[in-house]
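Shown next, in structure tokens, is the structure this report addresses.
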Amino acid sequence: GLPECPFCGEAAGRELEAHVRVRHGHLLGAPGTGNCEQLYECPMCSLTCTNIQILEEHVDLHLEEHTFSEDGNIRDLELAQQLQTEEDKWQKSEEEKKEREEFKKLQRQYGLDNSGGYKQQFLKNMEREVDRGKMQPFEYHKRKADMMECLAFGIDDGKTKTSGVIEALCKYYQNENKDVRHVWLSTGVDHFQSSLGDRGWGCGYRNFQMLLSSLLQNSLYNDCLRDTTLIPSIPKIQSMIEDAWREGFDPQGASHFNNRLHGSKAWIGACEIYSLLTSLRIKCQIIDFHKPTGPMGTHPHLFEWVLRYYSTDNEGGTKVVCTSKPPIYLQHQGHSRTVVGIEEKKNKNLCLLLFDPGCPSQEMQKLLKQNSDGTSLRLLRKFVGSLKEKQYQIVAVDGVLSLEEKAARCHASQVLTSEKIP
């Protein structure tokens, strides 16, 4: 018969060894040898031993290795989690650092980094000029004394002012016969260039000085401006805006500047100009051209609005119309300028005339020459294709407010929304 398993008596034939391995965990000697030496097999790696103690030690080693491997996996997991936590912390720290740097950059860009204001920049730039040999020390001391005196009185030193340009333009256009069909000009406006003290951030203040120079020549505004007979310095304008905020104008805008402009290089825009003018009882409005209205990102509606502003009540058949209208404050992201007139060409195209605070005084003075051939006008002319910023705002002056109207506008400015041009 077939060989039987010595442990269970089951006939297993040739498969006896395999049977004993699987069923009983023992290995017999080769079948048919009669030498049935008992062997012990490791349940984990199939190693066979003749001694049960050796097998136990062997299995213990397996168990220790398994535990070590499990611990190792746990340690690896913990290490991975720790590394991930550290990576997350580092990344968060880098993001916060980047945010702080961006915030500081914005503060610097908008003059809110406590690095000083007009006076500090003026002195620093003059010192730089002396170091470079472009200014003599005696001139430095004289200009410093002049500046300190002007700041003490709160008036502009007039060193960057150019007067008489509007009058010169009026004469030029009367003799110009080429392609201008009509031109409308503001009342007299002085041009103010940014100086050593406000270069890079003072355009809003300089445009206010330009607007004010025109209003001071108009008797309609005498009562509003009886305390402002001379053009104020930039630090004085900053204080005037702070006064408007204290009256309650534009609390949202005031909080943006932490209610403080004086002694800073803070940029101002249309809302600050509106608040300041309204606080002086000067009637004005902000118009928001919030998106392009023509092809290639242009703003023809802006040009048409300016044409209506100047030509209303000034239709006339004359080619050159010297209106009684004040200039217009024009703002876009990062810069502002002053609109002093508009041309209508014979082909019906419109062209704005702008005073730019960034334009040097010596260039503006070229416009005063009687024999001007019009080449200097390129400094002022802006066609529809030249104004392609995403958004523009203008502040336009139109009369005087009563005390009641001023109070109403002060209240309204606390929830001010610009009039939208569709």
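Ranking 212, 377, 277 by Cα position along the charge dipole of the range 118-420, where only Lys, Arg, Asp and Glu carry charges on their C-beta atoms, puts 377 farthest toward the positive end. Using a simple spin-label model with pseudo-atoms 7 Å out from Cα toward Cβ, residue 308 and residue 220 lie 1.8 nm apart. Relative contact order for the range 118-420: 26 percent, from Cα pairs under 8 Å spaced at least 6 residues apart, divided by residue count. Note on residue 88: accessible area is roughly 80 Å² with a 1.4 Å probe, heavy atoms of protein only.
In plain terms, the chain from residue 227 to residue 363 could stretch by 45.7 nm, reckoned as 0.36 nm per residue minus the Cα-Cα distance. Against the empirical curve 2.2 N^0.38 Å, the C-alpha radius of gyration of the range 118-420 lands at a ratio of 1.01. With the cut-off at under 17 Å, measuring from each backbone N in the range 170-204 to a point 7 Å along the Cα-to-Cβ line of residue 381 picks out 170-185. Remark: the range 388-404, residue by residue, has Karplus-estimated 3J(HN,Hα) of 10, 5, 5, 9, 10, 10, 10, 10, 10, 8, 8, x, 10, 9, 6, 4, 5 Hz, where x stands for each Gly or Pro and the curve is 6.51 cos²θ - 1.76 cosθ + 1.60 at θ = phi - 60°.
Placing a pseudo-label 7 Å from each Cα along the Cα-to-Cβ vector at residue 130 and residue 239 gives an inter-label distance of 2.6 nm. Annotation: lysines with alpha-carbon distance below 18 angstrom to residue 345 (same-chain offsets under eight excluded): 171, 178, 319, 382.
So, for the range 118-420, what is the accessible surface per residue at a probe of 1.4 Å, expressed in square angstrom?
46
Note on the range 118-420: with charges restricted to the Cβ of Lys and Arg (+1) and Asp and Glu (-1), its dipole about the Cα centre is near 840 debye.
Full extension of the segment from residue 99 to residue 256, taken as 0.36 nm per residue of separation minus the current Cα-Cα distance, would add 54.7 nm. Each Lys or Arg adds one and each Asp or Glu takes one away; over the other residues whose Cβ falls under 14 Å from the Cβ of residue 388, this sums to +2. Between residue 282 and 401, the built amide H atoms are under 5 Å apart, and every one of these is 5 or more places off in sequence or on another chain.
With 0.36 nm allotted per residue and the present C-alpha distance subtracted, the residue 171-residue 152 stretch has 3.0 nm of extension available. So, counting K/R as plus one and D/E as minus one, what does the shell of residues with Cβ under 12 Å around residue 292 add up to? Here the charged neighbours net out to +2.
Using 1/(1 + (r/R0)^6) with R0 = 45 angstrom and r between the beta carbons of residue 52 and residue 11, what's the FRET efficiency to the nearest 0.05? Intermediate results must be reported in sequence, preceding the final value.
Numbers: r = 28 Å, r/R0 = 0.62.
Efficiency, rounded to the nearest 0.05: 0.95.
Within the accessible area of the range 126-200, the carbon and sulfur atoms contribute 49%, probe 1.4 Å, all protein chains present. Between the range 319-364 and the range 135-187, the alpha-carbon centres lie 15 Å apart.
The values are calculated or read from the model by the stated rules, or taken from the named source; none is laboratory data. Computed from a predicted structure; not experimentally measured. Note that we place each Cβ from the backbone using ideal geometry, even for glycine, and neighbour counts take in every protein chain shown. Calculation scope for accessible area: heavy atoms of the full protein, side chains included, ligands and nucleic acids excluded. Shrake-Rupley method; radii C 1.70, N 1.55, O 1.52, S 1.80 Å.
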